[in-house]
Structures are given as structure tokens and as C-alpha cells.
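Worksheet: the structure to be examined is printed underneath.
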Ligand code: SF4
Ligand code: SF4
């Protein structure tokens, strides 16, 4: 018997000698003392451990008779079986109405498509294309292999000029029971009020980068530098007309300094009390290679974003966020992006104890179908519009290429560099976007997952368990 390679052992209380012990493939979770933790880490011999404890460690899978290679093979099989159980089972359909956009965000991840904001493509999805897409959607709905939500994406899906075609999509989707998520910058959302108030089945994700001055530097309209005013007025209108609105706050150091000012603004608007309103902080990540638009602009933004890249990361953002909650600067209704780790850990430590295993990070590896205005199909938001990464086409007919399946729909933690990681069946291997852009589908993308996990385990332990021990 030897300690499993997949034990996660975290000291959460030095004084009381408490360690959280988890194993992501056996699904076991326990609190153990330093002797047991040291033994499993190979630091202590077994003399200090009772026979009963050893038996329990075997029973719970922390000690295994499998060799390291056999254990890795087992993880690979588990990963494949989980992937098979979700892949192509419940398709998520998305429409890219066009790749065009009316904002010129300094960090736009679609800078490659728009030639750094200077040449946005103008093709718009046509009625004929939408009809073709709905043939596919209906077929999957009839087979009960579809989620109940259609996502509208871009570019900017809610451009004023897109109204007619968006209405056409919504009417068709409505007929067969879909609701809609719209990833929009919100600038022209007022034009969509007739549609939104008619159906009331919309959730809009709108990004605000901070207070007015910060937002307007990062996310100017191509004509009107003050996009903040228009967007926030539109949020009022949307909420009044029954839409659900989630505000994503892309945060860097500057955003955090003035975060209380921003949330006060939300309160004064009455948004925080509206049950259809939610908001969360997310790390502002600029792709500096794609950020050369900054070099042509006479603003302070380049330095600011460079600085933020160096100074803020996921773990710092989350720890500052918890401080702000603790000292009352932020209400608990303001959330912080944590890749769902908090609720996973809360469930393990103080819920039913179950570890929900996954072997992929998101639908791009299992169920996403993104219809674009060129008749192409993609599965990953991060690479849309980059022809070499399309996975198929839907005009003249729907076809997913074997190469698309091999690259995007086959990636799971069992065939990536995540295979040996103790966190793999909880993490899912991270967003595949950066790997896909580099044409490497086996690479990991940790995004500080392990550090975030360890940090949140300590936070949950101290907040909910410590005082009862
Ligand atoms: S709103 Fe989105 S697509 Fe438009 S410029 Fe900003 S990041 Fe790019
Ligand atoms: S992405 Fe990183 S943390 Fe996640 S499973 Fe892979 S190696 Fe582990």
C-alpha cells in the first residue's frame, strides 16, 4: 500500500493541527491531524498512526495498492467515461449575429478579427442561414439532446442594425421553447426593448469595467467616448422591462480602488434590490499581443493594463474581494468569479460531501455548436472567426469535421498534461482557448486553479468549520 498520487492535503489550522484531506477520484473528504498528513506526504513513518486509522485510509482510497502507472491509467479511464457521458448529450446552441461591434475595447479579444478595431467584418447572418441552423436545432430538440437556452454572441449581437435578424431568431426559438442569453455590451440594448418586453425570457450579460472614467477609457464607443452613460441608462430600461441583467465587472487594481463608488452607483439606481439583477467581479485579462491598438492611442490605458497584468491575478483578486466583503465595503450579493470553486468546496466541506467530477472545463469540449455569419460552425468562444479553428459548417448542409471532433470534442483531462494533477477531476483542465490558439490541444491552462482551490478551502474551513472543532 502507498499513498495515492491524487491526494490533496492542505493544512488549514496550524495550532490545532487540522488538515483537509481529499481525493478527487475516490471522492473522499476527511479532516486529519498532522501525523496522518505527514504520513501520507511521506514525511512520517506509520508508527504514529493507529491500525484503525490505516484501515480507514485504505478504505477511503488515500492508500492504494495500485502502482503509480495503474492509478494514472485509472484516471484516464474515469476521465474518458465522464466525457462520454456528457459529450453530444445536450447541445448548447449559439448564434454569432455578426463579427461587427460598436465599441473599441482596448483589450478586445477579437482584435485579430477586426484588425485591432480598424476593420470590423460586416457580414451579418442571413434568414436562410438561420433557417438552416434551426433545422439542426429542431432535430436535436426532437431527440431531447438540447439545452433550453440559445446564446447570442458576437462581435456585438445587439447592434441596432441587427434588430430584424435577431427578432427572426427569437421568434423561431420562442416557438420551440427556448430562452435567450445575450452577451452584449449593452450600448444599443434600448432598441431591443420591444422584443424583450414581449417575451421576457432574456438574460443579458453586460460588462462595466468600473466607475465612469475607468469604463470609458477601457470600453469607448467608436463615436461616443462616453459609453458608460448610455449603457447604464439601458440597464435601467432592461430591468424595467423584465429582463435579467448580469453585470460583469472586469477588474484591475484601479477598478478595485473605486469599487465602493461603483456599487454605490448600482444601489442608487435601485439595481441591487432588483431580483433580476446580479453582478460579479472578474479578472481583467488583456491579451497584450493583441493589444497593440493601445500603442496607437494617446491614453493612459496601456500602462494601466500592463500594470494590472503584473499586479493583479486571480488569487489576489479573490483575496481582496473577501477582504472587501469582510470589512463591509461590498455586499455579499456582489460575487467574484472563482470558476465555481467556492460552491464545490462548500458542498464538500459542509454540504453532502459529494465531489462532482468533471473531465472537461466547458461545453467547447462536449456540446457547443456556434453558428457564425459565414456559414461556419465553431465550438469555442475564444477562437470564433479564426477559420482554421472552425469545426464544421451548416451551409449548405450541417457537417462537423472529424478534425473538429478530434481537436475540440476529444480533449479531456485524460489526454492532456493535466493527467497527473491531483485537482484534475475537479478542475476539468481549464479553458482550452489559449491552447487552441497555439494549436496545442493537450496543454493545461491552470489559471491559478490550485492556488484558488487551496485558498478557498482555508476560507470555507475558517468561516464554517473551525469554531465547531
Ligand atoms: S464589446 Fe466585445 S467585441 Fe466589442 S470591442 Fe469590446 S470586447 Fe470586443
Ligand atoms: S489546468 Fe492545471 S489545475 Fe487544472 S487539472 Fe490541469 S494541471 Fe491541474
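Miscellaneous remarks
- Packing-based ranking, highest mean first, of 320-328, 42-50 given that Cβ atoms within 10 Å are counted: 320-328, 42-50
- Nearest 10 degrees, 0 to 90: helix 259-268 Cα axis against the chain principal axis: 60
- Neighbour counting of Cβ atoms within 10 Å sorts the residues 222, 25, fewest neighbours leading, into 222, 25.
- Equivalent ellipsoid dimensions for the chain as semi-axes, Å, which come from the Cα gyration tensor, largest first: 41, 28, 21
- In the chain, the calculated helix contribution to ellipticity at 222 nm averages -10500 deg cm²/dmol per residue, counting -39,500 (n - 2.57) for every DSSP H run with n ≥ 4.
- Kirkwood Rh (inverse of mean 1/r, distinct Cα pairs), region 327-455, angstrom: 16.3
- More than 13 Å apart - percent of Cα-Cα pairs taken over region 325-373: 73
- By the count of neighbouring beta-carbon atoms within 10 Å, fewest first, 1, 272 end up ordered 1, 272.
- Relative frequency of Cα-Cα separations exceeding 15 Å in region 410-469, percent: 55
- A simple packing score, the average count of other Cβ atoms within 10 Å per residue, orders the peptides 184-194, 2-12 as 184-194, 2-12, with the highest score first.
- Least to most buried among 36, 360 (fewest other Cβ within 10 Å first): 360, 36
- Taking the inverse of the mean 1/r over every pair of distinct Cα atoms in region 61-146 gives a Kirkwood hydrodynamic radius of 17.6 Å.
- For region 385-452 versus region 198-229, the spacing of their alpha-carbon centroids is 30 Å.
- Helix 314-326 and the longest principal axis of the C-alpha atoms of the chain enclose an angle of approximately 90°.
- Each residue of region 114-233 gets 120 Å³ once the volume of the Cα convex hull is shared out per residue.
- Nearest 10 degrees, 0 to 90: helix 127-142 Cα axis against the chain principal axis: 30
- Legend: P(r) of region 12-131 from all alpha carbon pair distances, 10 Å bins from 0, whole percents, reading 10, 23, 16, 13, 15, 16, 7, 0.
- Ranked by the mean number of other Cβ atoms within 10 Å of their residues, highest first, the peptides 98-109, 164-175 come out as 98-109, 164-175.
Here, each number is a calculation from the coordinates, and none is a lab measurement. Quick caveat, the model's predicted, so the values are computed rather than measured. We place every Cβ from the backbone using ideal geometry, glycine too, and count neighbours over all the protein chains shown.
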